[in-house]
Amino acid sequence: MAKKMKRESTEVRQQQIIEAAQKIIFKHGSEHLTVKRIADMVGISEAAIYRHFKSKKSILSFLLTYIENILLNDIAEERKGTELVTLDTIDKIILRHFSMIDMRKGLSFQVIAEIVSLGDRKLNKKAAQTIDKYISSLVELLSTGVKDGAIRKDIDLEASATLLFTLIHGLVNMWALNDGSFKLINKYSSLWQIYREAISNR
């Protein structure tokens, strides 16, 4: 039986539920995510979960929105106060991004992959939209770099942003599969040099 906890605000309780769902998915896989497991981890009753979310699917949908905000915020935060976008600026943004991913144990990308594995069409569509928004933020970053003269004008921005996303996502997947046994930033550095050479406006 779940232990009793003091009544929390809706925002705090939803955050606790979402964080518990992430941990369960990351540790056991999405197929093992149940309302009972979440309730046990948070320390509340299943009925209390349903006061905030009507179903497991609504928890996963909310979780995708939460992850989307985290990923986009990683990039937006580093751009604050930056007037010119140089290759060093982009490098700094991605490095910070990896630091945040490392700190979160790669949860964001792994949770998206696990949710997609469930095969729910609506959730898959939302996951695809999350990735599209993430790639769009990279397109915007690269586009500003072109305008500021750091990046070649003849590159395909959409393809370049997708390649950068694939680099980030693929590296995080490798890191997660190896239980975080290597430093993301170290692996990224050599890959970034290859990518940088390809887009640099020499």
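The values are calculated or read from the model by the stated rules, or taken from the named source; none is laboratory data. Please read these numbers as outputs of a predicted model, since none were measured by experiment. When we count neighbours, we look across all protein chains shown, and the Cβ atoms used for this are built from the backbone with ideal geometry, even at glycine.
General remarks:
- Qualifying residue in region 156-179 (condition: charged (D, E, K, R), in the same structural domain as THR86 (by TED's automatic domain parsing) and either farther than 30 Å from PHE62 by Cα or modelled with pLDDT of 90 or more (or both)): yes
- GLU83 passes every criterion in (1) surrounded by fewer than 19 Cβ atoms within 10 Å (Cβ to Cβ); (2) at pLDDT 85 or above apart from (2).
- Beta carbons closer than 6 Å, at least 6 apart along the sequence or on distinct chains, pair a first residue in region 104-125 that is on the phi > 0 side of the Ramachandran plot with a second that is small (Gly, Ala, Ser) and crowded, with 16+ Cβ neighbours inside 10 Å for GLY106/ALA176.
- Within the option set LYS92, LYS122, being under 25 Å from GLN22 (Cα atoms) and either basic (Lys, Arg) or modelled with pLDDT under 90 (or both) holds for one residue only, LYS122.
- Evaluation of ILE115 against (1) under 23 Å from ILE24 (Cβ atoms); (2) touching a helix residue (DSSP H, G or I) at 6+ places or on another chain (Cβ under 8 Å); (3) surrounded by fewer than 19 Cβ atoms within 10 Å (Cβ to Cβ) (one fails), failing number: (3)
- Which numbered condition ASP74 fails, given (1) closer than 28 Å to LYS57 by Cβ; (2) touching a residue at least 40 places away in the same chain (Cβ under 8 Å); (3) in contact with a Lys or Arg (Cβ under 9 Å, 6 or more places away or on another chain); (4) among the acidic types (Asp, Glu): (2)
- Residue within region 48-61 that is of a type outside the set (Ser, Thr, Tyr), in a helix (DSSP H, G or I), crowded, with 20+ Cβ neighbours inside 10 Å and free of Cβ contacts under 8 Å to residues at least 40 places away in the same chain present: yes
- Only a single criterion out of (1) under 17 Å from the mean Cα position of the chain (by Cα); (2) closer than 27 Å to ALA198 by Cα is not satisfied by LYS92, namely (1).
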